[in-house]
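*Asks:* Have a look at this one before I ask anything.
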Amino acid sequence: MRETKMKKAISMSKLLPVVILTMASLFTATAYASAPGITGPTFNLTAATAYLTQPDGQAVYSWGYGCTGTPSGFAPAAIPAATTFCNVMQVPGPTLIVTENTQFTVTLTNQLPSAAGNTSILFPGLTLVSTSGGVPGLLTQEATGTSPVTYTLIATSPGTRAYYSGTQGDLQVEMGMYGAIIVLPATIPSACNTGLAASNLTAEANWGESDFRLAHAAYNNIHACYDREYLFQFSEMDPRIHTQALAQVTAAGSCTAGAAGCSLNVSTEPYHPSYFMINGRSMPDDMDPNYAFQYPHQPYNGNPHMHPGEQVLIRVIGQGRWQHPFHEHGNHVRILARDGNLILSQTAGVTPDLTGLAGPLLFTTTTTPGLAFDGIFYWTGKGLNWDAYGHNPNSTDASAKLPCTPDANGYNTGAPTAINYFEWCQDHEKPVEAAPFGDVAAGGPTTLPDPNLFTNGAWYGGSPYLGPDATLRATGCTSDPYIKSNQTSCGQTGSTPPSGTIANSPSGEAGFAFMWHSHNEREITTNNIFPGGMLMMMLVDSREFVIDESM
Amino acid sequence: MRKLYQISLTIILIGVAAGVASAQSFRVQCPPSTITHPVVANNNSEPSYVGPTYTGTSGFPAAPAHVNGAIKCQQISGGDGYATMADGTQTYLFSFGPLSGLAKIANGQPGTDFPNEFNTIYAGPMLQPGDPATTVNAAGTFTFNGAVGQVPDLDNGGAINGHVDPRQMMDVGVMNGNIPAPLMAIDEDDEYFLTLSNVGMIMRPDLFEQHTVHFHGYPNASAFYDGVPDASVAINIGASFTYYYLAPDAGTYFWHCHITPPEHLQMGMVGQLYVRPRQDRVTGDLFTALNSQQLDLRTKCDSNTDILCSNPLPAINTAAAGAATVLNGGTSGYAYNDGDGSTYYDVEYPIQIHGFDPNFHFVGMTFNPEGFADMKDKYFLLNGRSYPDTVTAGSLQTQSADGVNHFSQPLSAIINIPAGKKALLRISDLDVSEYQTLASLGIPMHVVGYNAKLLRDQAGNNLYYNTNSITLAGGESLDVILDATGYTAGSVFYLYTPNLDHLSNDAENFGGLMTEVRIN
């Protein structure tokens, strides 16, 4: 236990060099997310102890659910089996992937220290068909150290739900005993396999990208089709509680369960959390890969990526005891459902939309303890009033002159294999810069400052533009012989592709980065250190960039 | 004072040094015309809405069928300043201040200008530190709303092209922080040019911090102009950056600095921003006008093909006629393009909820690092003020460390409603550490919008609801209409927080998150 209280309050200005170094080492390899989990219909879970790593160097004593052996399967299948694991304890617990109206069982073996007593799992919103083994507890049947409990369950509606301990929840949930259940719909609307949904698969296949979805729809509703998905579980930790639990467990030793004194008396109030986590990890650890070897007990990450126009399902659960205002930069989120209940209009929609959604559009989606929501997000750049790809009809560079043929909604969707698939065509070739540094169209409304006057962010793609060579063109550094009148050679105005953009470099990913984070900004810190906590960078990647969620 | 002077001199020198490397580091941008708004003479007022900008799949470079909206510009400083809390404490801020629209801001109005206002060259004697408060307090009048610092570019034939004299910007911009930060208001279809000039934090010369503007909630935001320093660029001290957006869908947004958010937001770099709907410029039938917005793919809402379709046609056509509110120059308007007139208001009030932790602000004024986990707000603010300052009319002044009075909190929180009329409260919350509830004693709150979107399902049914309290976290906004129909002039109601421990001003146990609704 290295649980020393780090009382170093450091503001960004002093920490920045350190942070950049840390990130440089962490982000040389890109990593992505998705919604990985294990499949049933038989789940053999444990409750056990382990240490969770935090980016401040601390290892926090925790309890969590895990697997007693190799689970029956891992999903999505696109993540190679060799990289997956389900250890005896992990936080969050294994994501259980089941299908609507299909019965499944969860057997829980209690390997917690005997002083911790019994444990259990609550499955709010699911139908508990029967239990066997264990002993009766206050809220549900509980597992003792010697008698596992088996829950037989059925989910009668699709969607995302939480599961968590039903035994001394104020302590056990704080210690890490929670997880997610994803219920896939029994029926997928045919519209989710045709049209733009099919085109997106064509686009993925063209660039060698795998399909990382668990299903093609979140619900049996034509508005619930999606192209990509992520699961985010929000929780926080008060290290004092964990320290106290460890001290009492250690003092109790291998006492006999139920014997006098073989119990814990950890005070869970006053509550003063200093770790704020997404999927059990704090930023920047959350942006490392799923199943990264350095987090044997925190296998799930939070690192969303998407291409323009992709319908991205986000499954979000509040797993701690606080609410967190989760702000998605880049666009609003359409709330589809709450705890697996699709939110629909009370009346028929405007023709021909007969199943109108009634969930709100939110730019800040509050996470609430025990509550799950499903929402859909996308980013297209519609309405920016300038060409986000920096196309330039006067260039001699072929990729600067891609066509944009609008569909009925104004997007370039006719050719799924095009780099600018899903470009917003109304602004095609419309310039933003009055006198650009490099090979993008001129005559726009604004003048960008000289690069000497600003500081580059670690996730800055290097220019305002998206595309394989957009930044090189926009900074006058393309190998193309076309030279702007105000630019005689690459770098002459100091506008070379910027340095320091290590997490999203102009020669690498070069996507559009957006911060997704708790807007209780205090919570984007890790034990008083900024940046940290509930923060991740979402990247909108140009179509030719391969998003490999298995990394 | 000598020390302060030296610091400001240093910063000016830095600005000058950077200026040698490029053309100029401080500058403003407000083109009188653009590709989108090509005719100079048409860009200094809002034209009436008579039809969609584009129809069908047409777009640039085709000429628009109708040119809608205008050009709007604003300049702000990023730096520091002081504010006065309701218990009399002077609180140190990291903050934004106005560098255009000064007279409007001082009168509680948005500081947003049309090009002909913004590009007006100041003609009087030199602006003074603390202006407009310095001039007003000397019994002078201050009416200048143009860009502070802009001067004719003598190297280009005296053109008004954004060239500035940095002395005026430093004189006015240093220590002129406002809480909330300068108010911004634009109309749908406007092009908006916001210039942020980083004048440095004079009390913290150890910090060479950048500042940014995050337009919180903009749909389909640009990563480059999103103001997240990690994802884009951030302007250094002594230089300017101009953010550019076509106004997004109507709604109540807000803005803030995105550098080290737990620090810069807590320290006060938070402001208000709203977008008025196209419907304010409609003279005829509202339903017909909303229908014609469906002809432009940028503004249409087809819930069948767009999951984020934000503004469907109303299920019931009320045949309401437009009041053309913006064109009439009055205070009334609509919160959203409702198509049925249901979000009409007679007066509007931007209300920002915020909180200050005095310990954090004290530590923030020193050279010591602040702690985040222990952050605990003790001042609970509506428009940067706690009760009873919330019911003080006009600007609050604070003497800063430069010995000069500044208009530190220009926006009163009094809600004045003429009897029988409706008030729109554009409520935003930028708390950094906790949720807060605001309750209405008396007039019910009629909630019509949430997170800058009309509350309407995809079948066109309005989902408005009445309540007596709303709860928001930092990063959320909500639109409430208070309808004073049936209330008599002279009556007073309260907006206050049922988080009873928030009805305090640090050690004073009376005050906090409370203000008055006055029927008059």
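*Asks:* Taking the stated definitions as given, is residue B:436 within 14 Å of another protein chain (Cβ to nearest Cβ) and at pLDDT below 95?
*Replies:* Judged against the criteria, residue B:436 is not a match.
*Asks:* Where the second residue is surrounded by 24 or more Cβ atoms within 10 Å (Cβ to Cβ) and at pLDDT below 90 and the first is among the aromatic types (Phe, Trp, Tyr) and lies in segment A:457-475, which pairs have Cβ atoms under 6 Å and are six or more apart or on separate chains?
*Replies:* A:459/A:503; A:459/A:504; A:460/A:501; A:465/A:474
*Asks:* Continuing with this model, one more query. So which pairs qualify, if the first residue must be in segment A:414-430 and farther than 23 Å from residue B:36 by Cβ and aromatic (Phe, Trp, Tyr), the second must be at pLDDT 95 or above and crowded, with 19+ Cβ neighbours inside 10 Å, the Cβ gap must be under 6 Å, and the two must be at least 6 apart or on different chains?
*Replies:* Filtered contacts from segment A:414-430: A:421/A:203; A:421/A:543.
*Asks:* Another question, then. If a residue must be crowded, with 20+ Cβ neighbours inside 10 Å and assigned to a loop (DSSP other than H, G, I, E, B), how many such residues does segment B:374-408 contain?
*Replies:* Of the residues in segment B:374-408, 9 are crowded, with 20+ Cβ neighbours inside 10 Å and assigned to a loop (DSSP other than H, G, I, E, B).
*Asks:* Name, by its number, the condition in (1) touching a Cys at 6+ places or on another chain (Cβ under 9 Å); (2) away from chain B (no Cβ under 14 Å); (3) part of a strand (DSSP E or B) that does not hold for residue A:317.
*Replies:* The one condition residue A:317 does not meet is (1).
This table checks each residue for (1) in a helix (DSSP H, G or I); (2) touching an Asp or Glu at 6+ places or on another chain (Cβ under 9 Å); (3) free of Cβ contacts under 8 Å to residues at least 60 places away in the same chain; (4) within 9 Å of chain A (Cβ to nearest Cβ).
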site: B:195; (1), (2), (3), (4): no, no, no, no
site: B:200; (1), (2), (3), (4): no, yes, no, no
site: B:223; (1), (2), (3), (4): no, no, yes, yes
site: B:228; (1), (2), (3), (4): no, no, yes, yes
site: B:259; (1), (2), (3), (4): no, yes, yes, yes
site: B:274; (1), (2), (3), (4): no, yes, no, no
site: B:283; (1), (2), (3), (4): no, no, no, no
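*Asks:* Among the residues in segment B:292-313, are any over 17 Å from residue B:278 (Cβ atoms) and either touching a Phe, Trp or Tyr at 6+ places or on another chain (Cβ under 6 Å) or not in a loop (DSSP other than H, G, I, E, B) (or both)?
*Replies:* no
*Asks:* Right, something else. Of everything in segment B:472-486, what is of a type in the set (A, V, I, L, M) and either within 17 Å of residue B:436 (Cβ to Cβ) or assigned to a strand (DSSP E or B) (or both)? Give them in sequence order.
*Replies:* So in segment B:472-486, the residues of a type in the set (A, V, I, L, M) come out as B:472-473, B:478, B:480-482, B:484.
Hits for segment B:472-486 are B:472, B:473, B:478, B:480, B:481, B:482.
*Asks:* Given the conditions (1) assigned to a strand (DSSP E or B); (2) within 20 Å of residue A:445 (Cβ to Cβ); (3) in contact with a helix residue (DSSP H, G or I) (Cβ under 7 Å, 6 or more places away or on another chain), and given that residue B:76 satisfies all but one, which numbered condition is not satisfied?
*Replies:* (3)
*Asks:* Please state which of the following conditions residue A:247 fails to meet, knowing it meets all the rest: (1) under 30 Å from residue A:113 (Cα atoms); (2) surrounded by 24 or more Cβ atoms within 10 Å (Cβ to Cβ).
*Replies:* Of everything listed in (1) under 30 Å from residue A:113 (Cα atoms); (2) surrounded by 24 or more Cβ atoms within 10 Å (Cβ to Cβ), residue A:247 misses just condition (2).
*Asks:* Still on this structure: Failed condition for residue B:84, given (1) more than 19 Å from residue B:199 (Cβ to Cβ); (2) among the β-branched types (Val, Ile, Thr); (3) in contact with a Phe, Trp or Tyr (Cβ under 9 Å, 6 or more places away or on another chain), with all others met?
*Replies:* So the condition that residue B:84 fails would be (3).
*Asks:* Something else: Search segment A:385-399 for residues being in contact with a helix residue (DSSP H, G or I) (Cβ under 9 Å, 6 or more places away or on another chain) and over 27 Å from residue B:218 (Cβ atoms), and hand back the single one that is nearest to the other protein chains (Cβ to nearest Cβ). Step through it out loud before you land on a result.
*Replies:* Initial filter on segment A:385-399 (in contact with a helix residue (DSSP H, G or I) (Cβ under 9 Å, 6 or more places away or on another chain)): A:385-395, A:397, A:399.
Those left that are additionally over 27 Å from residue B:218 (Cβ atoms): A:393-395, A:397, A:399.
Values: A:393: 9, A:394: 13, A:395: 16, A:397: 20, A:399: 19 Å.
Going through the qualifying residues, I end up with A:393.
*Asks:* Follow-up. Can you tell me which residues in segment B:452-471 are more than 27 Å from residue B:516 (Cβ to Cβ) and assigned to a loop (DSSP other than H, G, I, E, B)?
*Replies:* Within segment B:452-471, B:457, B:458, B:459, B:460, B:461, B:463 qualify.
Here's the yes/no breakdown for (1) facing chain A (nearest Cβ under 8 Å); (2) buried (at least 24 other Cβ atoms within 10 Å of the Cβ); (3) touching a residue at least 12 places away in the same chain (Cβ under 8 Å); (4) closer than 22 Å to residue A:519 by Cβ:
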residue: B:213; (1), (2), (3), (4): no, yes, yes, yes
residue: B:218; (1), (2), (3), (4): no, yes, yes, yes
residue: B:234; (1), (2), (3), (4): yes, yes, yes, yes
residue: B:245; (1), (2), (3), (4): yes, no, yes, yes
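*Asks:* Would you confirm, using the coordinates I've provided, whether residue B:159 is modelled with pLDDT of 95 or more, farther than 30 Å from residue B:284 by Cβ, buried (at least 18 other Cβ atoms within 10 Å of the Cβ) and out of contact with any His (no Cβ under 8 Å at 6 or more places or on another chain)? Walk me through it before giving the result.
*Replies:* Values: modelled with pLDDT of 95 or more: yes; farther than 30 Å from residue B:284 by Cβ: yes; buried (at least 18 other Cβ atoms within 10 Å of the Cβ): no; out of contact with any His (no Cβ under 8 Å at 6 or more places or on another chain): yes.
Answer is no for this residue.
*Asks:* Name the residues in segment A:424-444 that are assigned to a loop (DSSP other than H, G, I, E, B) and either surrounded by fewer than 24 Cβ atoms within 10 Å (Cβ to Cβ) or within 11 Å of another protein chain (Cβ to nearest Cβ) (or both), would you?
*Replies:* Passing the criteria: A:428, A:429, A:430, A:431, A:432, A:434, A:435, A:441, A:442, A:443, A:444.
*Asks:* Let me ask something else. Please verify whether segment B:64-71 includes one or more residues that are within 23 Å of the chain's Cα centre (by Cα), modelled with pLDDT of 95 or more, within 11 Å of chain A (Cβ to nearest Cβ) and in a loop (DSSP other than H, G, I, E, B).
*Replies:* Checking segment B:64-71: at least one residue is within 23 Å of the chain's Cα centre (by Cα), modelled with pLDDT of 95 or more, within 11 Å of chain A (Cβ to nearest Cβ) and in a loop (DSSP other than H, G, I, E, B).
*Asks:* Quick one: which strands (runs of 3 or more DSSP E) sit completely within segment A:45-157 and have at least 3 residues that are buried (at least 20 other Cβ atoms within 10 Å of the Cβ) and out of contact with any Lys or Arg (no Cβ under 6 Å at 6 or more places or on another chain)?
*Replies:* Result: A:59-67, A:96-99, A:104-110, A:149-154.
*Asks:* If you go through segment A:85-102 one residue at a time, do you hit one that is closer than 30 Å to residue B:374 by Cβ and modelled with pLDDT under 95?
*Replies:* So far as segment A:85-102 goes, no, none of its residues is closer than 30 Å to residue B:374 by Cβ and modelled with pLDDT under 95.
*Asks:* State whether the residues of segment B:410-422 include one that is more than 27 Å from residue B:483 (Cβ to Cβ), of a type outside the set (Lys, Arg) and out of contact with any Cys (no Cβ under 8 Å at 6 or more places or on another chain).
*Replies:* Scanning segment B:410-422 turns up at least one residue that is more than 27 Å from residue B:483 (Cβ to Cβ), of a type outside the set (Lys, Arg) and out of contact with any Cys (no Cβ under 8 Å at 6 or more places or on another chain).
*Asks:* I've got another one for you. Taking segment B:127-145, which residues are in contact with a helix residue (DSSP H, G or I) (Cβ under 7 Å, 6 or more places away or on another chain) and over 18 Å from residue B:177 (Cα atoms)?
*Replies:* B:142, B:143, B:144
*Asks:* Spot the failing condition for residue A:327; the list is (1) within 14 Å of chain B (Cβ to nearest Cβ); (2) assigned to a loop (DSSP other than H, G, I, E, B); (3) within 26 Å of residue B:214 (Cα to Cα), and only one is missed.
*Replies:* Result: residue A:327 passes all but (2).
*Asks:* Write out, first by first residue and then by second, each pair whose Cβ atoms fall under 7 Å of each other, whose residues are 6+ apart or on separate chains, and whose first residue, in segment B:454-483, is more than 14 Å from chain A (Cβ to nearest Cβ) and on the phi < 0 side of the Ramachandran plot while the second is in a strand (DSSP E or B) and surrounded by fewer than 18 Cβ atoms within 10 Å (Cβ to Cβ).
*Replies:* Partner pairs satisfying both residue conditions: B:469/B:437.
*Asks:* Mind telling me which of the residues A:304, A:273 ends up being more than 17 Å from the chain's Cα centre (by Cα) and under 19 Å from residue A:535 (Cβ atoms)?
*Replies:* After ruling out the rest, the residue left standing is A:273.
The values are calculated or read from the model by the stated rules, or taken from the named source; none is laboratory data. For clarity, every value in this text was computed on a predicted model and none was experimentally measured. Please note: Cβ atoms are built from the backbone with ideal geometry, for glycine as well, and neighbour counts cover all protein chains shown.
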